[in-house]
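As structure tokens, the structure follows; a few thoughts come after it.
Just so you know, all these numbers are worked out from the coordinates, no wet-lab data involved. What you see is a predicted model; the values in this text were computed from it and never measured. Backbone-built Cβ (ideal geometry, glycine too); neighbour counts: all protein chains shown.
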Ligand SMILES: [Mn+2]
């Protein structure tokens, strides 16, 4: 029975009709399959949920994965509750009403199968162990094929943080698949600080891993592209009495766009500067520290800096990046204990939606960005998606 007919019977006030019908499975889906924003289990945007880590046979193209880890922060903790807050704030997103007017597509009703993969249950007790767990989790997540590509191309993930340190294990595992990664880093801070830039008389190896040093560590491990990384939205105070932090940032390989530039060149200008720096033919990772936004737009975060972007501006900039080969993305540092009226988590949930939109609108990752040794046998993977819209994998 078509939903239309069901509605018609309702209009005829035939109240006994609906209950007397023998429903098949399709009827049940139509009757009960669509949630209201306020009903249902709170997955991101009401997407189907599976615990992807415990079932490697699941096939999908884009996964939402929570990384509720926050014991590498230098100031206020609490971002372990970020994934839950972002999911809750995303409840007014549904596939039925998901058309992105800025992009001209509904990412939830397009070629990509998108799934909420749940969280990585990271230990809050031991950062060495936590890093091991996050490494293992992302290795697991990337060690599978995406739905529409009969190839070695893995699904892509948008990670919900968690503090910003979680991108070190993510970049490690992406590097194994794609080689060096170009990072577009939206943040008020550099996050390329050497561990010695923090109080470090009392030292352990684990203490080097923080949400302000992870990009420096990523550089030491050779995970970053040489010259194709960029910060956007910077406005942090710097160490000491001069430009040392910026010079160190040069060594890590980042271009810098300070937040104040938006007053001179606008959001379009910022986007263009990013596009001028980032290679179009190499894998790109977009990392959004929610503190890139002004505290008026995102108070619920660990290390707030005044004078930031508006949510509107950040969305506009991200929309301009949709042609880049995005192999992964995140929104991190959402700390709901400091949030008011869900301002921050709402912003984060919208940014996640924009990042998903980019991945869908840009189509599957072109295998030509993969390291040459990985290319054998998968050259035609990108074409398959459009030629073979439905097939089994694995
Ligand atoms: Mn950060």
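Compute the angle between helix 343-361 and the longest alpha-carbon principal axis of the chain, please, reported from 0 to 90 degrees and rounded to the nearest 10. Roughly 80 degrees, rounded to the nearest 10. Label-to-label distance for residue 310 and residue 143 is 4.7 nm, based on points extended 7 Å past Cα in the beta-carbon direction. Rounded to the nearest 10 degrees, the inclination of helix 167-178 to the longest alpha-carbon principal axis of the chain is 70 degrees.
Antiparallel beta bridges, as assigned by DSSP with both residues in the chain, represent about 5 percent of the total such bridges. When the Cα atoms of the range 34-107 are aligned to their principal axes, the ranges along those axes come out at 40, 31, 27 Å in descending order. Going by neighbour counts of Cβ atoms within 10 Å, the residues 365, 332 line up, fewest first, as 365, 332. Where only DSSP H runs of four or more residues are counted, the chain gives -10000 deg cm²/dmol as its mean residue ellipticity at 222 nm, each run worth -39500 (n - 2.57). With respect to the chain, whose longest principal axis is taken over its alpha-carbon atoms, helix 261-277 is tilted by about 80°.
Using only alpha carbon positions, build the gyration tensor of the range 298-358, then give the equivalent ellipsoid semi-axes as the square roots of 5 times its eigenvalues, largest first, whole angstrom.
Values: eigenvalues 99, 30, 20 Å².
They are 22, 12, 10 Å, listed largest first.
At q = 0.13 Å⁻¹, work out log10 I(q)/I(0) for the chain with the Debye formula, treating every Cα as an identical point scatterer and leaving solvent out; two decimals please. Results for the chain at q = 0.13 Å⁻¹ read -1.05.
What's the extension gain from residue 200 to residue 132 if we count 0.36 nm per residue and subtract their Cα-Cα distance?
Details: separation 68, 0.36 × 68 = 24.48 nm, distance 2.28 nm.
So the extension gain works out to 22.2 nm.
Taking 0.36 nm per intervening residue step and subtracting the Cα-Cα distance, what contour gain separates residue 102 from residue 123 on full extension? Please report the intermediate quantities before stating the final value.
Values: separation 21, 0.36 × 21 = 7.56 nm, distance 3.89 nm.
Additional length available on full extension: 3.7 nm.
For 147, 241, 196, what ranking results if the residue with the fewest other Cβ atoms within 10 Å of its Cβ goes first?
Details: 147 23, 241 6, 196 11.
So the residues, fewest neighbours to most, are 241, 196, 147.
Jot down the per residue volume, in cubic angstrom and as a whole number, of the convex hull over the alpha-carbon atoms of the range 46-189. Expressed per residue, the convex hull around the Cα atoms of the range 46-189 is 135 Å³.
Extending 7 Å from the Cα toward the beta-carbon at both residue 247 and residue 341 defines two label points whose distance is 4.6 nm. Using only alpha carbons, the range 236-373 has a radius of gyration to Kirkwood radius ratio (Rg to Rh) of 0.99. What shape does the range 191-317 take by its C-alpha gyration tensor, where a ≥ b ≥ c are the square roots of the eigenvalues and a/c under 1.5 counts as rounded, a/b above b/c as prolate, and the rest as oblate? Note, shape of the range 191-317 comes out oblate.
Neighbouring Cβ atoms within 10 Å as the yardstick, rank 46, 316, 164 fewest first.
Going from least to most buried by this count: 316, 46, 164.
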